[in-house]
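Down below is the structure, laid out as structure tokens.
Each reported figure results from applying straightforward, stated rules to the coordinates on display, with no laboratory input. Values in this document were obtained by computation on a predicted structure and should not be read as measured data. Virtual Cβ from ideal backbone geometry, glycine too; neighbours counted across all protein chains shown.
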């Protein structure tokens, strides 16, 4: 009985103080309430942000593919002819039109269009690869 009294006298207050001090985070760790709240808000956001599958008209997708092919052919034709008047401006305008069609095709295929500078060749290549992996051809 003496042991029980000693345990209750020393261990219970120590446990209570340990639990109380665990509520206060150290400067290196995030408070537990904030972590728990962030997890709940993240789950709520995922539930609200569910992907809605929108069916896309296949003829519209085919039209975009044809336009992509036509603009790509036009850019290649411009690059082959060095004597075209205002060649640089025409190539730049054609590439920007190609980029806009590529972004539209990405939206149709469900590829994320990342913000980038106009005419960014790395982003253009990424979008082309993503579309090709989803079966798009032009």
Among 14, 61, 86, whose mean-square fluctuation peaks in a Gaussian network model of the chain (Cα, cutoff 10 Å)? 14
Expected max-MSF residue from 20, 125, 59 in the GNM of the chain (alpha carbon, under 10 Å) is 20
Would you kindly calculate the translational diffusion coefficient of region 2-48, applying Stokes-Einstein with the Kirkwood radius from alpha carbon pairs, for 10 °C and a viscosity of 1.306 mPa s, and quote it in µm² s⁻¹ without decimals? 118 µm²/s
Here, residue 117 and residue 80, labelled 7 Å along Cα→Cβ, have an inter-label distance in nm of 3.1 nm
Which peptide among 38-45, 91-98 comes first, and what is the full order, when sorted by highest mean count of other Cβ atoms within 10 Å? 91-98, 38-45
Where does each of 18, 108 land when they are ranked from fewest to most other beta-carbon atoms within 10 angstrom? 18, 108
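Can you give the calculated 222 nm mean residue ellipticity of the chain, where each DSSP H run of n ≥ 4 adds -39,500 (n - 2.57) and the sum is split over every residue, rounded to the nearest 500 deg cm²/dmol?
Working: 5 runs with 97 residues, N = 138.
Rounded to the nearest 500, the figure is -24000 deg cm²/dmol.
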Folded to 0 to 90 degrees: helix 32-48 orientation relative to the chain principal axis, Cα: 40 degrees
In a solvent-free Debye calculation with one equal scatterer on each Cα, what is log10 I(q)/I(0) for region 76-138 at q = 0.20 Å⁻¹, listed in the order of the q values? -0.79
If you consider only alpha-carbon coordinates, what radius of gyration and Dmax does the chain have, in Å? 30.3, 105
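Provide 116, 63 in ascending order of the number of other Cβ atoms located within 10 Å of each residue's Cβ, fewest first. Don't skip to the end; give the middle numbers.
Details: 116 15, 63 11.
Ordered from fewest to most neighbouring Cβ atoms within 10 Å, 116, 63 come out as 63, 116.
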